[in-house]
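The values are calculated or read from the model by the stated rules, or taken from the named source; none is laboratory data. Source: prediction; values computed, not measured. Positions of Cβ are generated from backbone atoms using ideal geometry, with glycine treated the same way; all protein chains shown enter the neighbour counts.
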Amino acid sequence: MSEHLDPREALVDIYCKQLKLPGLKSSFRELARDAMEQNQTPTSFLAACLAKEVEMRVQKRLSTRLKQTKFSEIKTLEGFDFTSIPKLPKTKVISLAECKFIKDRENIICIGQSGTGKSHIATAIGVAAIQLGFRVRFIKVYDLIQELLKAESEYRLPRYLKIWNKFDLVILDELGYINLGTGSLYSSSSALSVMNGEA
């Protein structure tokens, strides 16, 4: 770091902090150098600065939502080997990643033998949904039941149930391992359930 800090750069740092522009704060020096080297107009430089801020906010939002989802592992459809399960309708699975079913408030159930990629596909659809701006929550059904029982025993079940209303998509993994009675946990979200069984 230079001993002689440019006072104008220090001022930009202060303004970025006050305006809560961390992306611009971390990148304006490099963008200014590029602008000078490329003889950019002030408007082009400003557009580049704002684009960097938007890009960093989108990345931060995506990262935050991925953490909130609580995926055990991030998976994508690009990483799924469709050739290992020839009966699986690839085009239908890929179309689910467009998330129209969420907008239409429809539920999806993935059924198949253990180890056939149901959780991978459900996770990949969840990741695609996050990238499209939806709020997603992933949970194993056994864990959900334990959380429900705990919330009920602590007399906070209504408050716990309200938490689920903020999600656009709830992915319930390993549904086939649990015998569920009737009833509904939530009504305003879509669900993507993963169940072991015959396809």
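State which residue is surrounded by the fewest Cβ atoms within 10 Å (Cβ to Cβ) when the search covers only region 12-27 and only residues that are hydrophobic (A, V, I, L, M, F, W, C) and not in a helix (DSSP H, G or I).
Ranking the candidates gives 19 first.
Here are 153, 72: which of them is under 30 Å from residue 59 (Cβ atoms) and not basic (Lys, Arg)?
Result: 72 is the single residue among 153, 72 that is under 30 Å from residue 59 (Cβ atoms) and not basic (Lys, Arg).
Residues 9, 30, 53: which one is part of a helix (DSSP H, G or I), under 23 Å from the mean Cα position of the chain (by Cα) and surrounded by 10 or more Cβ atoms within 10 Å (Cβ to Cβ)?
53
Does any residue in region 19-36 that is more than 13 Å from residue 50 (Cα to Cα) and in the same structural domain as residue 59 (by TED's automatic domain parsing) come within less than 8 Å, Cβ to Cβ, of a residue that is among the aromatic types (Phe, Trp, Tyr) and surrounded by 11 or more Cβ atoms within 10 Å (Cβ to Cβ) six or more places away or on a different chain, and which pairs are these?
Pairs found: 35/45.
Could you grab me the full set of residues in region 66-88 that are within 29 Å of residue 144 (Cα to Cα), touching a Gly at 6+ places or on another chain (Cβ under 9 Å), outside any helix (DSSP H, G or I) and β-branched (Val, Ile, Thr)?
none
So that you can scan it fast, the table gives a plain yes or no per residue for (1) without any contact (Cβ under 8 Å) to a residue 40 or more places away in the chain; (2) surrounded by 13 or more Cβ atoms within 10 Å (Cβ to Cβ); (3) on the phi > 0 side of the Ramachandran plot:
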| site | (1), (2), (3) |
| --- | --- |
| 79 | no, no, no |
| 95 | yes, no, no |
| 115 | yes, no, yes |
| 134 | yes, yes, no |
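Quick one: what pairs do we get from region 140-152, first residue under 15 Å from residue 119 (Cβ atoms), second modelled with pLDDT under 90 and loosely packed, with under 12 Cβ neighbours inside 10 Å, C-beta under 9 Å, 6+ apart or different chains?
140/72; 141/180
Can you tell me how many residues in region 112-127 are β-branched (Val, Ile, Thr) and within 17 Å of residue 68 (Cβ to Cβ)?
Of the residues in region 112-127, 3 are β-branched (Val, Ile, Thr) and within 17 Å of residue 68 (Cβ to Cβ).
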